[in-house]
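First comes the structure, then the notes that go with it.
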Amino acid sequence: MAVAQAGSAAPAVKSGLEEKSTIPDISPSGTGSFEALCSDGGGGARASSVVRLYRALLRPLLRPVLRAAMRNQVSTGQSMLLMRTFFTLYGMPHANNDQIALEFLSRLLPHEAEYLRARTLYGSLRGQLMIAPVVGVPGIGRFVDVRTAWLDEALGEALGKGAVQGVIIAAGFDTRAYRFARPGVCFFEIDLPGPSAEKRALVDAALPDAGAHPRPTYIAADLSKVSLSAALEGSGFDPSRPSVFLAEGLIYYLPPQAVRALFQAVAALAAPGSRFCFDWLRLSCLSGRALNCGFETLATAVSNRGEPFLSALDDETPGALDALARLFGFRCVSTAGARDMAAHFYGDKVPWWDHPATVATCFCYAVFEKV
Ligand SMILES: C[S@@+](CC[C@H](N)C(=O)[O-])C[C@H]1O[C@@H](n2cnc3c(N)ncnc32)[C@H](O)[C@@H]1O
């Protein structure tokens with residue numbers, strides 16, 4: 001479990017996201033139970049007839065194709081790392097600025113890094129397949145790219161507003177504890193025991209100077225077995241101090257009751273003014289009320305690897321995110337769809353033939369603040 005101290009080295013803080021809801025018609029009047037706001041989508045029972053047909057015809061074909069394409073499977077943490085570095089390796093002008101992720105990738109997946117950097121035919125074909133309509137997920141790389149930039153901005157803003165503890169839940173190969181380290185701020189990275197140990201070894205190899213890159217407190221915990229509070233116990237985390245909690249690429253892999261427990265745990269640990277930043281999946285996609293072809297492929301790919309999407313948040317009822325925040329004693333500071341966020345970060349920086357930027361639209365982003 002626990003390891004080293006957070007220390008010095010202050011990175012630049014970017015300007016904050018606008019504090020507004022970019023999903024239309026989110027009004028504080030919308031209310032509902034947790035079950036209505038966060039659900040498993042009903043196992044397809046609520047799917048439209050178009051989605052039922054799409055799933056019946058295409059899933060049986062897609063499943064083996066995706067299984068074959070992903071046979072050299074990497075862990076979910078590694079695949080996030082790969083996608084996070086994709087645009088930087090491709091030299092795209094709008095890519096996120098996570099240089100430490102590049103360093104991690106070169107050590108963990110040197111061949112993948114090399115064929116992407118060298119833009120080999122194999123690398124290009126795989127990249128194109130990944131974002132191709134029907135067999136791929138159009139805009140998935142851009143979604144992860146934008147998510148990285150968004151969470152950097154949200155974290156920078158929370159630290160700028162006085163957070164002195166950063167809790168990175170299901171950290172994987174997240175690099176923010178190293179990029180955002182600064183005097184007076186402690187970071188905590190929580191992951192399963194295996195990935196947590198792998199991360200520590202990787203950080204020691206890639207960033208050997210612990211003075212320049214102070215270590216977070218590493219917490220090895222299985223959050224399906226222990227609560228967040230139990231995981232943080234004895235780590236030095238102080239719930240009376242303002243904090244920022246990050247859950248990137250996590251909550252849709254948890255069943256609704258675990259999402260509820262996570263929101264409750266964060267709320268219990270968050271001093272007033274603390275922030276909780278997370279990305280979420282649209283219920284209209286998971287339930288199949290709306291056809292989103294990229295989502296259908298992605299859902300098949302993640303269930304193929306034994307990590308299906310298990311929950312989503314209501315993206316249709318006005319005020320749903322505000323209501324969800326209120327249920328746990330938060331206020332919703334901002335929520336945005338991936339398309340809005342891509343426009344926010346890329347603006348005109350994408351080529352004219354790809355304008356507005358194609359981005360996977362089944363996910364959204366949210367920042368809650370403890371009241
Ligand atoms: C999709 S990855 C996301 C990693 C990171 N947040 C990112 O965006 O790069 C999911 C991470 O959750 C971790 N994880 C999965 N189940 C967990 C559990 N029960 N308790 C703690 N961590 C878990 C995995 O080890 C993995 O690092």
Legend entry - Breaking point among (1) of a type in the set (G, A, S); (2) in contact (Cβ under 8 Å) with a residue 40 or more places away in the chain; (3) within 27 Å of A261 (Cβ to Cβ), for A230: (2)
Legend entry - Number of the condition not met by Y115 [criteria: (1) free of Cβ contacts under 8 Å to residues at least 24 places away in the same chain; (2) surrounded by fewer than 16 Cβ atoms within 10 Å (Cβ to Cβ); (3) among the aromatic types (F, W, Y)]: (2)
Inset, instruction - Evaluate the stretch 218-226: report whether one residue or more is at pLDDT 95 or above, more than 9 Å from the ligand (Cβ to nearest atom), buried (at least 18 other Cβ atoms within 10 Å of the Cβ) and not aliphatic (A, V, I, L, M). - result: yes
Inset, instruction - Restrict the check to the stretch 314-331 and report whether at least one residue is buried (at least 19 other Cβ atoms within 10 Å of the Cβ), touching an Asp or Glu at 6+ places or on another chain (Cβ under 7 Å) and not in a helix (DSSP H, G or I). - result: yes
Legend entry - Residue within the stretch 137-149 that is in contact with a Leu (Cβ under 9 Å, 6 or more places away or on another chain) and at pLDDT below 80 present: no
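Which residues, taken from the stretch 83-112, are more than 19 Å from R179 (Cβ to Cβ) and part of a helix (DSSP H, G or I)? Step through it out loud before you land on a result.
Step one: list which residues in the stretch 83-112 are more than 19 Å from R179 (Cβ to Cβ), which gives 90-93, 109-112.
Listed by number, the residues that qualify are P110, H111, E112.
Which of the residues spanning the stretch 227-244 are out of contact with any Lys or Arg (no Cβ under 7 Å at 6 or more places or on another chain), of a type in the set (A, V, I, L, M, F, W, C) and away from the ligand (no atom under 11 Å from the Cβ)?
Passing the criteria: A230, L232, F237.
What are the residues in the stretch 78-99 that are surrounded by fewer than 19 Cβ atoms within 10 Å (Cβ to Cβ) and within 16 Å of the ligand (Cβ to nearest atom), if any?
Listed by number, the residues that qualify are N97, Q99.
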Legend entry - Which numbered condition K161 misses (of (1) within 14 Å of the ligand (Cβ to nearest atom); (2) in contact with a strand residue (DSSP E or B) (Cβ under 9 Å, 6 or more places away or on another chain); (3) among the charged types (D, E, K, R)): (1)
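Got at least one residue in the stretch 174-190 being in contact with a Cys (Cβ under 6 Å, 6 or more places away or on another chain) and within 16 Å of the ligand (Cβ to nearest atom)? Steps first, answer last, please.
Kept after step one, since they are in contact with a Cys (Cβ under 6 Å, 6 or more places away or on another chain), are these residues of the stretch 174-190: none.
Looking through the stretch 174-190, none of the residues is in contact with a Cys (Cβ under 6 Å, 6 or more places away or on another chain) and within 16 Å of the ligand (Cβ to nearest atom).
Hey, does the stretch 132-139 have a residue that's in a helix (DSSP H, G or I) and surrounded by 15 or more Cβ atoms within 10 Å (Cβ to Cβ)? Break it down stepwise before answering.
Applying the first criterion (in a helix (DSSP H, G or I)) to the stretch 132-139 yields none.
There is no residue in the stretch 132-139 that is in a helix (DSSP H, G or I) and surrounded by 15 or more Cβ atoms within 10 Å (Cβ to Cβ).
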Legend entry - Whichever residue in the stretch 245-294 is within 14 Å of the ligand (Cβ to nearest atom) and assigned to a loop (DSSP other than H, G, I, E, B) and, among such residues, is surrounded by the fewest Cβ atoms within 10 Å (Cβ to Cβ): P255
Legend entry - Condition broken by F368, with the remaining ones in (1) under 19 Å from V266 (Cα atoms); (2) surrounded by fewer than 22 Cβ atoms within 10 Å (Cβ to Cβ) satisfied: (2)
Inset, instruction - Could you tell me whether any residue of the stretch 279-294 is out of contact with any Ser or Thr (no Cβ under 8 Å at 6 or more places or on another chain) and modelled with pLDDT under 95? - result: yes
Legend entry - Qualifying residue in the stretch 350-358 (condition: out of contact with any helix residue (DSSP H, G or I) (no Cβ under 9 Å at 6 or more places or on another chain), in contact (Cβ under 8 Å) with a residue 12 or more places away in the chain and surrounded by fewer than 18 Cβ atoms within 10 Å (Cβ to Cβ)): no
Legend entry - Flag if E35 is at pLDDT below 50 and either within 23 Å of the chain's Cα centre (by Cα) or small (G, A, S) (or both): no
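Checking the structure you have, find out if any residue of the stretch 150-167 is under 18 Å from the mean Cα position of the chain (by Cα) and assigned to a strand (DSSP E or B). Steps first, answer last, please.
Here is the first cut: in the stretch 150-167, the residues under 18 Å from the mean Cα position of the chain (by Cα) are 150-158, 166-167.
From what is left, the residues that are assigned to a strand (DSSP E or B) are 166-167.
Within the stretch 150-167, one or more residues are under 18 Å from the mean Cα position of the chain (by Cα) and assigned to a strand (DSSP E or B).
The values are calculated or read from the model by the stated rules, or taken from the named source; none is laboratory data. These numbers come from a predicted model, not from an experiment. Don't worry about glycine lacking a Cβ; one is built from the backbone with ideal geometry, like all the others, and counts go over all protein chains shown.
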